[in-house]
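Take a look at the structure below.
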Amino acid sequence: MAGGGNNVAKMSPRQRMINLMYIVLTAMLALNVSSDVLNGFSQVQNSLHRTNENLTTKNKIQFDYLAELNEKNPAKAGPWYAKGNELHERTGRLYSLIEEVKKEIAVKADGKNADYTNLTNLDDLEAASAVLLDPTSNKGGKLREAIDEYRNYVVTLIPDSVKRAVVEEMLKTETSNVPGTVGEVKWEEKLFDNMPAIAAVTMLTKMQNDISQAESEALSNLITNVDIGDVRVNELNAYVLPNSNMVMRGGKYSAHIVLAAIDTTMRPEIYINGSKLSNPDGIYEFVAGQTGAHEYSGWLEVKRGDGTVEKHDFKSQYNVIEPMATISPTMMNVLYAGIDNPISISVPGVPMTALSATMTNGALTRSGDHWIARPTKVGENAQITVSATLDGRSQNVGSMTFRIRKLPDPTAYIAMKDASGNPVSYKGAPKRISKAALMAAEGLQASVDDGILDVAYTVISFSTVFYDSMGNAIPEVSDGSKFSARQKEQFKRLKNGKSFFISNVKAKGPDGITRDISPMEVALN
């Protein structure tokens, strides 16, 4: 009976189906991801969710079949059914734990009535960290321990060393070194620190997929063990096991096409779309071209002992996605001429070492995993183009156009210290300062400090204008950026409550442009 229609004992897990997405998620830390990419994650999440529902249904069919075998022959199937029952319960507990974590992330991102299958704040970078990396609840660590416990248990039910290694690889939670960090990073930190909410939910759904795949593999073995001596070749099935169903245009599609329960001394002949596959190991590979969903089909031919040929049909599909590059200026949505503009460039699924980039209207240099853009001409756009080396070939994966602007005018200020000795910047009336603080100041400074930019300017010269008792203006010229001796003499004569003006301020920025800065009024207490 173990060779019945529900037998998938020899089916290898499709754990590598979304291997590419696993790499995509880890490459998106601390990035301002575009809405198109986030919507792409939503589509992948929905696809994985449907896949998980199908896997859950398939595993239930296997478990019900094992229960049916136990009911028909308890002496023969009883021990394996007991193991299957424990497996089913453990899988359900872990699956539900992850489901609760996904719901909590959704609530953190969207509020009380959130639905993780339809997130609003897809790019929320705090929800996953708040739920899984909070040291008080330690939910990320507890989830890692639960996965470790399940992995160590489920591999004991899989005697095949190759399949066991695949399951261990799917469910591994070891620490690892991450570029740009010192020392090893915990599994939960690597996956969920600064991860967009939709990406975290997708990763958790992928974990549920891996857990269901592991359960399926273990259940298949338990069904096989009910009667290991039964002949099963009369229920042969063909399976296509792709490394990934998601392929970047220009990348390589790779899949194993195998026959379950086949005699290892005899290789089947494989035909795909009417053509015989020449690879003796049953590996089907080609370079993906047109984007979108694609299907292919074929059959396997295996010889029986009596010399007749048995044919087994198969069908599979794969998705080709457009290359995606994320280019984000770390300051704002424009670049400024004459200064270094930090730029972050990444391509999901492609390591930093495989990326290169060029820039028009300026120079683009690499600094570790980041880039520095230095535009030249103001008023002309600059385009940054990114290329990636895929399978030994360089391929354009994206570009973005930036507006180039000159630095804004700075604000003049007097650097001084308050009564507690803390440095302060006095930028003029209506605020007032003490005469002692004014006398202690060395001169005038200027900078752009608007919360986005922080650029210092060099003051070249300025004038002070005082008014005598008759209302006559008395101008005095500075000593560069310093108060001149004549200006300080005027300070000494100022009475409390009086004021004077600083005008004709000239300052040079890092872009080499000398600017006239707005005057300021200095008022004494």
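Rule-based calculations on the coordinates, nothing more; no lab input. Here the structure is a predicted model, which is why all the values come from computation and not from measurement. All Cβ positions, glycine included, derive from the backbone under ideal geometry; neighbour counts span all protein chains shown.
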| Inter-site label distance for residue 54 and residue 504 at 7 Å from Cα along Cβ, in nm | 8.1
| Most exposed first by the Cβ proxy, i.e. fewest other Cβ within 10 Å, how do 372, 384, 517 rank? | 372, 517, 384
| message | What are the ³J(HN,Hα) couplings of region 55-67, residue after residue, when phi is run through the Karplus curve with 6.51, -1.76, 1.60 and θ = phi - 60°? Round to Hz, x for glycine and proline. | response | 5, 4, 5, 5, 5, 5, 4, 5, 5, 5, 5, 5, 5
| query | How much FRET efficiency would the formula 1/(1 + (r/R0)^6) give for residue 46 and residue 99, where r is the Cβ-Cβ distance and R0 is 25 Å, rounded to 0.05? | reply | 0.95
| said: Below 8 Å between Cα atoms, with a sequence gap of 6+, how large is the relative contact order for region 326-405 in percent? | reply: 32
| Ranked highest first by average number of other Cβ atoms within 10 Å, how do 423-435, 504-516, 467-479 line up? | 504-516, 423-435, 467-479
| message | Let's test the formula: R0 of 41 Å, r as the Cβ-Cβ distance of residue 67 and residue 286. What FRET efficiency results, to the nearest 0.05? | response | 0.45
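Report the calculated FRET efficiency for residue 456 and residue 354 (r = Cβ-Cβ distance, R0 = 60 Å), to the nearest 0.05. Show your work: numbers first, answer last.
Values: r = 37 Å, r/R0 = 0.62.
Efficiency at R0 = 60 Å is approximately 0.95.
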| So which of 60/172; 108/139; 406/431 end up more than 23 Å apart, counting from Cα to Cα? | 60/172; 406/431
| remark: Gyration tensor on Cα atoms of region 76-191, a ≥ b ≥ c root eigenvalues, a/c under 1.5 rounded, else prolate if a/b beats b/c, else oblate, says oblate
| Taking 0.36 nm per intervening residue step and subtracting the Cα-Cα distance, what contour gain separates residue 294 from residue 469 on full extension? | 54.1 nm
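Calculate, in nm to one decimal, what residue 301 and residue 153 gain on full extension: separation in residues at 0.36 nm each, minus their alpha carbon distance.
49.5 nm
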| request: Could you work out how far apart the two model spin labels at residue 389 and residue 366 are, taking each label as a point 7 Å from the Cα in the direction of the beta carbon, and quote it in nm? | output: 0.9
| Measuring from label point to label point, each 7 Å out along Cα→Cβ, what is the residue 486 to residue 344 span in nm? | 5.4
| query | In nm, what is the difference between 0.36 nm times the number of residues separating residue 185 and residue 117 and their Cα-Cα distance? | reply | 21.6 nm
